[in-house]
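Some notes on the structure that comes next.
The values are calculated or read from the model by the stated rules, or taken from the named source; none is laboratory data. If you're wondering where the values come from, they're calculated on a predicted model, not measured in any experiment. Ideal geometry is used to build each Cβ from the backbone, glycine not excepted, and the neighbour counts take in all protein chains shown. All accessible areas refer to the heavy atoms of the entire protein, side chains included, with ligands and DNA or RNA removed. Shrake-Rupley method; radii C 1.70, N 1.55, O 1.52, S 1.80 Å.
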Protein chains: 2
Amino acid sequence: MKKIINDVESLLEDSLKGFASVHRDIVSFNPQPHFISRKMPAKTGKVALVSGGGSGHEPLHTGLVGQGMLDAACPGQVFTSPTPDQMLAAAAAVDNGAGVLFIVKNYAGDVMNFEIAAEMLESEHATVLVCDDVSLPADHSTGRRGVAGTLIVEKIVGAAAEAGASLAACQALGERVNKVTASIGVALTSCTVPALGKPTFDIAGDEMEMGVGIHGERGRETVSLESASKIVNELATVIETELAVQAGQKILLHINGFGGTPLMELYAVYDLAEQYWQQRGVDVVRSLVGNYTTSLDMAGCSITVTIMDDELTQLWDAPVHTANLRW
Amino acid sequence: MKKIINDVESLLEDSLKGFASVHRDIVSFNPQPHFISRKMPAKTGKVALVSGGGSGHEPLHTGLVGQGMLDAACPGQVFTSPTPDQMLAAAAAVDNGAGVLFIVKNYAGDVMNFEIAAEMLESEHATVLVCDDVSLPADHSTGRRGVAGTLIVEKIVGAAAEAGASLAACQALGERVNKVTASIGVALTSCTVPALGKPTFDIAGDEMEMGVGIHGERGRETVSLESASKIVNELATVIETELAVQAGQKILLHINGFGGTPLMELYAVYDLAEQYWQQRGVDVVRSLVGNYTTSLDMAGCSITVTIMDDELTQLWDAPVHTANLRW
């Protein structure tokens with residue numbers, strides 16, 4: 001395993017310490033139990049947004065804590081759910097009197113632990129479950145996974161919370177964004193989880209994994225490596241069908257790198273994806289390209305589309321000041 | 001070769017088109033010859049900063065064009081110098097009546113082509129050569145290479161230019177920052193240049209390359225993979241000696257990822273590097289962690305240190321609004 005680490009056990013804590021030191025103007029790190037919280041105080045009466053999940057997807061979620069986005073993030077060990085005590089401590093730290101909204105990616109462990117925390121939480125609370133990964137069928141036994149669309153839910157709901165929306169309104173908005181958001185990815189290599197020390201799956205030098213998950217879960221099928229145009233067409237077609245995207249609609253187009261693919265390729269993928277939608281009369285009104293919901297060192301990327309309206313566009317454009325997303 | 005591309009020939013242009021579309025509020029793309037220029041007009045009398053170099057190091061330099069940093073960037077093919085016609089066209093486009101400053105990384109091709117452009121440029125101009133890579137001896141035949149410290153030169157001189165500094169003052173400042181900046185890196189894997197289609201160098205599964213260059217140039221030595229603590233100690237010791245860093249001094253500490261190393265590891269490396277300097281009574285007053293001067297998909301990172309004073313700190317803190325660096 002080729003990683004710059006001291007030992008697998010301390011990697012997460014070492015990383016969070018470094019993160020919190022670099023971004024000490026934006027976040028605080030609570031070491032016991034682990035959570036990252038917003039340093040800049042929120043207005044009284046602002047709904048507190050708390051997310052979290054396994055580590056290894058950085059900058060999601062810790063890098064998205066700050067003004068206009070998350071109030072706290074609970075990082076689990078790599079690809080492992082955080083525990084209810086983290087969520088309870090984070091919620092207590094950032095609850096501002098207007099309730100706590102949990103934003104949870106749809107994975108069994110995360111769902112279970114956030115549910116336990118929700119049951120134990122005495123203050124007002126609600127949950128938004130993100131399940132934007134359309135590589136799995138809608139009736140899959142465990143439901144669809146939450147992937148790169150989570151950032152979009154967090155940004156838009158974060159802006160609404162900052163503007164004073166109620167807990168119920170934030171929850172409804174999050175569910176609405178989730179419904180109009182779809183993602184699907186492709187991996188060229190596996191990632192290597194530090195605690196395992198070897199690639200999660202084997203893939204030949206001339207193959208790729210279509211519909212891969214962000215933990216290196218096998219996707220829809222292993223196929224021969226294709227040109228960028230063919231890959232983009234295949235991924236975008238799935239999204240077009242799933243969201244029933246129509247000519248004349250406005251979309252946000254997000255190309256997310258899984259970590260090991262150079263920015264140069266991601267922007268070239270964006271160019272192809274933008275052409276795909278333009279050719280169908282769909283208007284790409286907003287965009288985001290980069291490594292945001294990563295899978296450690298996995299090579300590959302995903303395409304996420306959110307169907308936008310004026311309200312969502314305005315919330316997307318609202319100021320955000322976090323470690324890894326700001327405008 | 002596992003890359004999401006259509007063909008090697010069009011990759012750069014496809015990528016620049018995508019980049020310019022995503023960031024159309026900040027930059028314009030001139031396709032013939034290739035350069036990226038700042039869209040937001042600069043004040044009259046502002047020195048124009050033009051940089052450039054081979055592609056494959058993104059976001060350097062194109063992602064650093066915008067208010068408070070570069071006025072234009074000239075991207076060559078992957079790891080290949082841009083040509084003088086690019087530099088001349090870029091300079092003509094952004095010259096604002098106060099002269100043009102070329103910021104050039106010290107590589108033979110870049111130096112030669114920027115020199116040719118400088119000779120042909122009729123307007124007032126000057127050049128800053130960046131050579132912060134202390135992995136090579138100071139008396140190396142081609143001099144030291146320009147690596148991740150280039151971003152620091154560009155940020156600080158960019159702020160000074162924005163504040164109205166003269167061409168001579170910008171040049172002197174750039175040279176001063178270069179002198180108090182040192183970088184050294186380590187690679188765990190090679191990068192793969194698209195046009196070659198295979199890794200630039202071979203390295204065993206239990207080895208790493210100390211002092212690697214950002215094009216996958218072999219470094220000081222190939223050694224056994226070590227713990228993060230040992231790696232950080234070794235790199236920081238070289239920097240400490242080269243810059244003669246003293247207790248009581250203030251530094252900017254930049255951990256730069258080469259592309260293939262997860263953010264989680266980079267922040268853990270930062271934590272160790274910060275401890276290294278704190279133990280020596282050196283004050284880490286500013287920091288930057290992330291993939292800024294990359295080498296395509298290479299795994300590894302570099303440490304850069306700049307000795308700061310009040311003036312440099314103020315210039316570092318000045319607002320910057322580019323695609324990939326903003327505050």
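Summary of computed values
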read-out: Vicinal HN-Hα couplings computed from phi for the stretch B:189-202 (Karplus, 6.51 cos²θ - 1.76 cosθ + 1.60; Hz; Gly/Pro x); value: 9, 7, 9, 10, 6, x, 5, 8, x, 8, x, 5, 9, 9
read-out: All lysines inside 23 Å of B:Lys250 as judged from Cα atoms, apart from same-chain residues fewer than 8 positions distant; value: A:Lys17, B:Lys155, B:Lys179
read-out: Percent of beta bridges antiparallel (DSSP, chain B, rounded to nearest 5); value: 55
read-out: Rounded to 5, the percent of DSSP beta bridges in the stretch B:1-105 classed as antiparallel; value: 40
read-out: Inter-chain Cβ neighbour average for residues A:270-280, partner chain, 10 Å; value: 3
read-out: Shape call, the stretch A:1-127: gyration tensor on alpha carbons, a/c limit 1.5; value: oblate
read-out: Percentage relative contact order, the stretch B:13-180, counting C-alpha pairs under 8 Å, at least six apart; value: 22
read-out: Sulfur and carbon atoms: percent of accessible area, the stretch B:21-142 [1.4 Å]; value: 55
read-out: Shielded by partner chains, the stretch A:7-55 residues - at least 20 Å² of accessible area, 1.4 Å probe, vs chain alone; value: A:Leu11, A:Asp14, A:Ser15, A:Lys17, A:Gly18, A:Phe19, A:Ser21, A:Val22, A:Arg24
read-out: Per DSSP, loop GluC sites (Glu not before Pro) in the stretch B:59-154 with at most 10 further Cβ within 10 Å; value: B:Glu122
read-out: With every protein chain in place, the stretch B:259-311: carbon and sulfur % of accessible area (1.4 Å); value: 39
read-out: A:Asp317 accessible area, 1.4 Å probe, all protein chains in place, Å² to nearest 10; value: 70
read-out: Length added when fully stretched, B:Gln314-B:Leu196, from 0.36 nm per residue minus Cα-Cα; value: 38.1 nm
read-out: For the stretch B:242-248, 3J(HN,Hα) per residue [Karplus equation, 6.51 cos²θ - 1.76 cosθ + 1.60, θ = phi - 60°, Hz, x = Gly/Pro]; value: 4, 8, 6, 5, 10, 3, x
read-out: Accessible surface, per residue, of the protein assembly as shown when the full set of protein chains is kept, probe 1.4 Å, Å²; value: 34
read-out: Area hidden from solvent between B and A (accessible, protein heavy atoms only, 1.4 Å, total, Å²); value: 4600
read-out: The protein assembly as shown - share of DSSP beta bridges that are antiparallel (%, nearest 5); value: 55
read-out: In range of the label at B:Ala168: residues from the stretch B:75-104 whose backbone nitrogen is under 19 Å from the point 7 Å along Cα→Cβ; value: B:97-102
read-out: Most positive-pole-ward Cα, A:Pro194, B:Leu12, B:Ala318, against dipole of the protein assembly as shown from beta carbon charges; value: B:Ala318
read-out: Lys, Arg +1 and Asp, Glu -1 on Cβ, resulting dipole of the protein assembly as shown about Cα centre, debye, nearest 20; value: 800
read-out: Prolate/oblate/rounded label for chain B (Cα gyration tensor, a/c 1.5); value: oblate
read-out: Charge dipole (debye, nearest 20) of the stretch A:181-315; +1 at Cβ of Lys and Arg, -1 at Cβ of Asp and Glu; value: 120
read-out: Low-density loop positions, trypsin sites (Lys or Arg not before Pro), the stretch A:1-98 - DSSP coil, at most 16 other Cβ in 10 Å; value: A:Arg24, A:Lys39, A:Lys43
read-out: Contact order relative to length of chain A, as percent, for alpha carbon pairs under 8 angstrom and 6 or more apart; value: 18
